[in-house]
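The values are calculated or read from the model by the stated rules, or taken from the named source; none is laboratory data. This one's a predicted model, so the numbers in the text were calculated from it and none came from an experiment. Ideal geometry is used to build each Cβ from the backbone, glycine not excepted, and the neighbour counts take in all protein chains shown. For the accessible areas, the whole protein counts, side chains as well, though only heavy atoms, and no ligand, DNA or RNA atoms are used. Shrake-Rupley method; radii C 1.70, N 1.55, O 1.52, S 1.80 Å.
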Amino acid sequence: MNAPAQQKMKIASGERDSARAKLSELTQLLLPFAIRGLATLGVADALVGGPLPVDAIAKTVGADTDALYRTLRYTASRGVFVEFPGRVFALTSLANWLREDVPGSMRPRLMIDDGLVNRLQVFSEVVHTLRTGESAYQKIRGGSPFDASAADRETAARFHRQLRPGTQTWPEALVEVTGFAAGTKVVDVGGGTGTVLGTILSREPALTGVLFDQPPVIEEAAAVLDSLGVADRCETTGGDMFQGVPAGGDTYLLSFVLHDWPDDQAGALLANVRAAMADDARLLIVEALIGDDEERAAQAVQQDFMMMLHGVGRERTVTEHSELLERAGFVLGGVTPLGPGLSVLEARRALDGD
Ligand SMILES: C[S@@+](CC[C@H](N)C(=O)[O-])C[C@H]1O[C@@H](n2cnc3c(N)ncnc32)[C@H](O)[C@@H]1O
């Protein structure tokens, strides 16, 4: 073989090896469990004061020293923690997000608990979904994941603890970009335990709110609203949004709610919101939109895949939202980005002549 041909083969096999390595990285299952195990034990929290020898960490978090050492060594080899001589470990910028006390902490969603075990069982049914189009969740459990939180306060509390870090920053952006007139009553439909509405009310002292969700979820809300100092301006109402939603709001908010449902149920929910709204009230929908830009699309398509397996809903494009709204008697106004991966859509009731 001549030299240029040899060179070409080298490049081709180099590319093939790096593609294989990348695929192997994308499909590997061990590292996520090492990180999740350490997050569950609270190892990053034990290192907040600075580097520590592994036996001291083990004592603080209640771990076996050898098992903890081997796990930390593995995650340090991938840059999650850092190892110093003498079996001493410290946080890195990645491990910092495993601390419970940082705003936006990833620890709650990485904890190994019954919720994760159930999700893994659902994910492993991906072939069923691929072949039939039926959600893996429905195959295993039937119904929607919210049936579980409707039935039991502990499930509701766990789900909302996991959601909370993701809802700590964007409500402030929502206040900035949409603006709320003084005296506005905001009704948050499917508002969870109140982090979103509470944050909006804490930013805007002249607003009042109504938090509406399933009864076991609402039971968890008092502590959240109290901690945000807005409990006296926020009513809480438990109920089923498919039966009806509280009337009398000036602004209705649906954040990450429509994406939980297929078009027929999302349409039924929108019709209930419309029935509760006055002509001059507005509806704000916060969702990750498919097809905005590359970064957003990547997040939205991941979430959409999750919905397909572990729920009954889907992420939508602006056009799909617009069609859904139109069918339910709304007119879509503006669409404004709120931050990486999400947007707010503003709609109002369609009136005669629209
Ligand atoms: C993905 S969470 C979004 C929570 C919150 N809006 C946020 O942005 O963090 C969807 C919410 O819809 C609520 N939900 C589901 N089905 C409901 C129903 N039938 N009636 C009232 N709320 C419901 C759930 O309990 C949950 O709080």
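Miscellaneous remarks
- Within the range 327-352, the residues that satisfy the criterion of being more than 25 Å from Asp264 (Cβ to Cβ), in contact (Cβ under 8 Å) with a residue 40 or more places away in the chain and not in a strand (DSSP E or B) are Pro340, Gly341.
- Meets criteria (at pLDDT 95 or above, open to solvent by less than 60 Å² (accessible area, probe 1.4 Å) and among the aliphatic types (A, V, I, L, M)) for Leu130: no
- From Gly42, Gly79, Gly115, Gly37, residue being loosely packed, with under 15 Cβ neighbours inside 10 Å, closer than 30 Å to Trp170 by Cβ and touching a Ser or Thr at 6+ places or on another chain (Cβ under 9 Å): Gly79
- Criterion: acidic (Asp, Glu), within 15 Å of the ligand (Cβ to nearest atom) and under 22 Å from Gln138 (Cβ atoms) - qualifying residue of Glu315, Glu220: Glu315
- Hey, Thr236 open to solvent by 60 Å² or more (accessible area, probe 1.4 Å), touching a helix residue (DSSP H, G or I) at 6+ places or on another chain (Cβ under 9 Å) and more than 10 Å from the ligand (Cβ to nearest atom) or not: yes
- Against the conditions (1) touching a strand residue (DSSP E or B) at 6+ places or on another chain (Cβ under 7 Å); (2) surrounded by fewer than 19 Cβ atoms within 10 Å (Cβ to Cβ); (3) not β-branched (Val, Ile, Thr), Leu72 satisfies every one except (2).
- Only listed residue being out of contact with any Lys or Arg (no Cβ under 8 Å at 6 or more places or on another chain), in contact (Cβ under 8 Å) with a residue 60 or more places away in the chain and surrounded by fewer than 23 Cβ atoms within 10 Å (Cβ to Cβ), chosen from Leu284, Leu253: Leu284
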